[in-house]
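*Asks:* Below you will find the structure I want to go over with you.
The values are calculated or read from the model by the stated rules, or taken from the named source; none is laboratory data. Quick caveat: nothing in here was measured; it's all calculated off a predicted structure. Heads up, the Cβs are rebuilt from the backbone with ideal geometry, glycines too, and the neighbour counts pull from every protein chain shown. The area values use the complete protein model at the heavy-atom level, side chains included, leaving out ligands, DNA and RNA. Shrake-Rupley method; radii C 1.70, N 1.55, O 1.52, S 1.80 Å.
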Amino acid sequence: MKDLLTLRIKNMVCPRCVQAVWNILDKNDVMVDRVELGVAYLQLPLQPEQRDNVTKDLENLGFEILDDRQSILVEKIKNLIHDKFQNLSQQQWNRTFSSELEETLKRDYSTISHLFSSTEGVTIEKYLNQQKIEKVKEFLIYDELSVKEIADLLGFNSTQYLSSKFKQATGMTPNSFKKMNPIHLRNCLSKKV
């Protein structure tokens, strides 16, 4: 019965996603206990017609209900990565992400890594670095932190290392990116991975 009350949802990456999923469930008269990144906890199981409607509404917004264990595990990994960027602090990069994943998911990292790579076509490390670069772009657009502060906050060893990784990913330095047209910058953010 527990699985019937837990709805795993792919592509939830931020608080707005949580609200969007909550709205879809509410619209379809689903009795919801709570919604978090990647999962909705229901008070009652979905009726077949409700499930069909919820599935369609979720797909219209780019979400997907997950049914198999491997997909659910991959989505949990993605959610853990996205969670790291929700409440940033310099201390959170003190230990390796692989050990965090092992501890949280109670599985060997090589198994987790292989599953993620075979499913997503990219390693966990590369996916994490892509998300870091997207966060760097966001910080540069809002222009509230220096490049050094961004490097420290995101766990880069130095501003030079951040600049090198940023240029490798975007083709430009952080300072060049910062000087771009504001409309173009917003478009860069909307093309998140």
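*Asks:* Give me a comma-separated list of calculated 3J(HN,Hα) values for region 27-40, in order, Karplus coefficients 6.51, -1.76, 1.60 applied at θ = phi - 60°, integers in Hz, x for any Gly or Pro.
*Replies:* Karplus values, whole Hz, x for Gly and Pro: 4, 9, 6, 8, 7, 9, 8, 6, 10, 10, 4, x, 7, 10.
*Asks:* Around Leu61, under 12 Å between beta carbons, what's the net of Lys plus Arg minus Asp minus Glu among the other residues? Could the numbers behind the result be given before it?
*Replies:* Working: positive: Lys10, Arg16, Lys27, Lys56; negative: Asp57, Glu59, Glu64.
After counting each charged neighbour, the total is +1.
*Asks:* Here is a further query. I need the P(r) histogram for the chain: all alpha carbon pairs, bin width 10 Å from 0 out to the longest distance, whole percents.
*Replies:* Per 10 Å bin, starting at 0, the Cα pair percentages come out as 8, 31, 31, 22, 7, 1.
*Asks:* Also, I was wondering about something else. Give the accessible surface of the chain per residue, rounded to a whole number of Å², with probe radius 1.4 Å and ligands, DNA and RNA excluded.
*Replies:* Accessible area per residue, the chain: 59 Å².
*Asks:* With θ taken as phi - 60° and the coefficients 6.51, -1.76 and 1.60, list the Karplus ³J(HN,Hα) couplings across region 164-173 in order, rounded to whole Hz; mark glycine and proline as x.
*Replies:* 5, 5, 5, 5, 4, 7, 10, x, 9, 7
*Asks:* Another question, if that's okay. What residues have an amide H closer than 5 Å to that of Arg107, excluding those fewer than 5 places away on the same chain, when H is modeled at 1.01 Å from N in the peptide plane?
*Replies:* none
*Asks:* Using θ = phi - 60° and the Karplus curve 6.51 cos²θ - 1.76 cosθ + 1.60, what whole-Hz ³J(HN,Hα) does each residue of region 105-119 get, with Gly and Pro shown as x?
*Replies:* So the Karplus estimates, Gly and Pro as x, are 8, 6, 9, 5, 4, 4, 5, 4, 4, 5, 4, 4, 4, 5, 7 Hz.
*Asks:* Amide H of Met180 versus every other amide H placed in the peptide plane: which residues, excluding those fewer than 5 positions away on the same chain, fall under 5 Å?
*Replies:* none
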